[in-house]
Structure formats: C-alpha cells, structure tokens
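Colleague: Following this message is one structure expressed as structure tokens.
The values are calculated or read from the model by the stated rules, or taken from the named source; none is laboratory data. Computed from a prediction, not measured in an experiment: that's the story for all the values here. Reconstructed Cβ throughout: ideal geometry from the backbone, glycine too, with neighbour counts over all protein chains shown. These area figures cover heavy atoms from the full protein model, side chains too; ligands, DNA and RNA do not enter into them. Shrake-Rupley method; radii C 1.70, N 1.55, O 1.52, S 1.80 Å.
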Amino acid sequence: MGIDLKAGGRRTGHKSSTKVIKTQNPYTRLLIKLYKFLARRTDSSFCATVAKRLHMSKTNAPPMGLNRLAKYMSKKEGRTAVIVAKVTDDVRMLECPKMSVCALSFTENARKRIVAAGGECITLDQLALRSPTGSNTVLLRGPESRAALAHFGKRTSVTNPHAYDGVKPYVRSKGRKFEKARGRRKNCGFKV
C-alpha cells in the first residue's frame with residue numbers, strides 16, 4: 001500500500017509536543033532535560049509526570065494559592081509539595097502552616113510567608129538532588145482556570161436534562177431573540 005496523495009498524503013505536523021521544547025526560557029529547558037534524563041534512568045513515573053508538565057503551556061499550568069496548598073498538605077507532615085507552576089500568596093489565609101514546597105517559581109509574598117512559618121521554598125533542580133525518584137513528595141496541580149472552560153459542555157451522549165445547565169453558549173447576547181429556538185425550548189425539538 002502506498003500513500004494516498006489525493007486524500008492529503010501523510011499526516012505531518014502531528015508529532016508529540018514533548019518531542020520539541022517550545023519554551024525559550026533557558027531554566028525551563030534545562031529542567032526538561034534533567035527530568036527527561038531522570039525519567040529514563042530511574043523509571044520513575046514521578047519524573048515522567050514532572051517532565052510532561054514542564055512542557056505545558058501557561059494556561060495548562062495554572063498557579064496554586066497558599067490556601068489551597070495548605071489544605072492539600074494538612075495531613076502530610078514531613079513531605080514536600082511539588083507544583084510544576086507558580087505558587088501565589090492568598091490574603092484570605094491568616095496563618096500559613098509550616099510546609100516544604102517545591103515549585104517553578106514563587107511570588108515574593110508567598111515565599112516570605114512560607115519561610116516566616118518555618119517552612120522552605122525549593123526549586124525543581126534542588127528537589128532532583130534531594131529525591132531523584134520523587135520519594136516522600138506530593139505532586140499537586142492548580143485549578144483549571146481558563147475563560148474558555150465555561151463554554152465546554154459534556155459529551156453528546158449524556159441524557160441528563162441538566163447536563164448543559166452550566167454551559168455558556170457562544171452567543172452575542174442573552175436576549176429573547178438569541179438562540180432560543182430548537183435545542184432551547186421543549187416545543188421546538190428538544191431542550192438542553
């Protein structure tokens with residue numbers, strides 16, 4: 001069998017995004033090299049996950065606030081929280097607990113509060129020296145927060161009548177004349 005040129009030939013441009021490092025940040029590029037090496041040589045799924053997350057775009061690596069971080073680490077004393085993103089301060093939290101945090105970067109106030117509480121802020125390369133396989137760590141990620149997510153619905157086979165209640169349509173206005181016919185009224189076909 002040859003290549004069907006009429007159908008468009010071979011599928012090009014479909015390489016994995018982890019084959020080519022897209023970021024120009026030299027620090028991130030070195031971290032990717034380091035964690036790819038560790039993933040290969042230690043067979044550690046932790047290192048493979050960190051390497052994968054280092055490749056992610058800014059929207060797919062949302063920051064994590066101190067409050068959420070403290071909540072996740074409440075019953076995990078003696079372990080290091082690992083976030084492949086930025087750690088930000090949360091003014092709503094009055095007291096910051098003592099915790100060891102490893103992240104790509106910290107905001108100035110977040111770093112101050114963690115250190116003042118007797119905790120520590122380390123980088124991913126320092127973590128690689130301390131625990132190359134990710135032992136005694138907790139891998140966390142921030143909440144998905146993109147404006148586009150408000151428009152994403154469930155799959156089409158969902159039969160629950162309220163499945164699409166929280167899905168925001170791409171519509172100019174929410175008035176009487178806009179998207180109120182088939183699919184939005186029971187007497188016009190169906191309603192979601």
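Colleague: Under a point spin-label approximation (7 Å from Cα along Cα-to-Cβ), what is the Ser17-Arg40 distance to one decimal in nm?
Modeller: Each label point is offset 7 Å from its Cα along the Cβ direction, giving 2.2 nm.
Colleague: Here's another thing I want to ask about it. Name all residues of segment 84-110 having a backbone nitrogen under 11 Å from the label point set 7 Å from the Cα of Lys33 along its Cα→Cβ direction, giving them as ranges.
Modeller: Counting backbone N atoms under 11 Å from the label point, the list is empty.
Colleague: Under a straight-distance cross-link criterion of Cα-Cα below 25 Å, which lysines are reachable from Lys98, leaving out those fewer than 8 residues away in the same chain?
Modeller: Reachable lysines: Lys71, Lys75, Lys76, Lys86, Lys112.
Colleague: Express the Stokes-Einstein translational diffusion coefficient of segment 72-143 in µm² s⁻¹, to the nearest whole number, given a Kirkwood radius over alpha-carbon pairs, 20 °C and a viscosity of 1.002 mPa s.
Modeller: Rounded, D is 173 µm²/s.
Colleague: How large is the accessible surface of Tyr27 in square angstrom, using a 1.4 angstrom probe and rounding to the nearest 10?
Modeller: Using a 1.4 Å probe on the heavy atoms, I get roughly 80 Å².
Colleague: Round to a whole angstrom and tell me the spacing of the C-alpha centers of segment 10-61 and segment 81-150.
Modeller: That distance is 20 Å.
Colleague: Can you tell me the dipole magnitude for the chain around its Cα centre, using point charges on the Cβ only (Lys, Arg +1; Asp, Glu -1), in Debye to the nearest 20?
Modeller: For the chain, the charge dipole is close to 1240 debye.
Colleague: Please work out which option in [x] 1.07; [y] 1.12; [z] 1.20 gives Rg/Rh (Cα atoms, Kirkwood Rh) calculated from these coordinates, and answer with its label.
Modeller: [y]
Colleague: From zero outward in steps of 10 Å, how is the percent of C-alpha pairs of segment 106-155 spread across the bins?
Modeller: In order of increasing distance, the bins hold 18, 32, 28, 19, 4 percent.
Colleague: If you don't mind, another one. When the convex hull of the C-alpha atoms of segment 62-109 is computed, what volume per residue in Å³ does it have?
Modeller: 73
Colleague: If you don't mind, there's one more thing I want to ask. Which lysines have a Cα lying under 17 Å from the Cα of Lys33, excluding residues fewer than 8 positions away in the same chain?
Modeller: Lys19, Lys22, Lys52
Colleague: Can you tell me which of 94-104, 74-84 comes out highest on packing, and rank the rest after it, using the mean Cβ neighbours within 10 Å?
Modeller: Order by mean packing, descending: 94-104, 74-84.
Colleague: At 7 Å along Cα-to-Cβ for each site, give me the label-to-label distance between Tyr72 and Asn136 in nm.
Modeller: Taking the simple label geometry, Tyr72 and Asn136 are separated by 2.0 nm.
Colleague: Pairs of alpha-carbon atoms within less than 8 angstrom and 6+ residues apart define the contacts here; what relative contact order does the chain have, in percent?
Modeller: The value is 16 percent.
Colleague: Which shape class applies to segment 9-69: rounded if a/c is under 1.5, otherwise prolate when a/b exceeds b/c and oblate if not, where a ≥ b ≥ c are the square roots of the Cα gyration tensor eigenvalues?
Modeller: Oblate shape, in that a/c is at least 1.5 and b/c is the bigger or equal ratio.
Colleague: A follow-up question, please. If the reach is capped at under 18 angstrom between alpha carbons, list the aspartates and glutamates near Lys58, excluding any in the same chain fewer than eight residues apart.
Modeller: Glu144
Colleague: Okay, next question. Rounded to the nearest angstrom and ordered from largest down, what semi-axes does the equivalent ellipsoid of segment 1-109 get from its C-alpha gyration tensor (root of 5λ)?
Modeller: So the equivalent ellipsoid measures 37, 17, 13 Å along its semi-axes.
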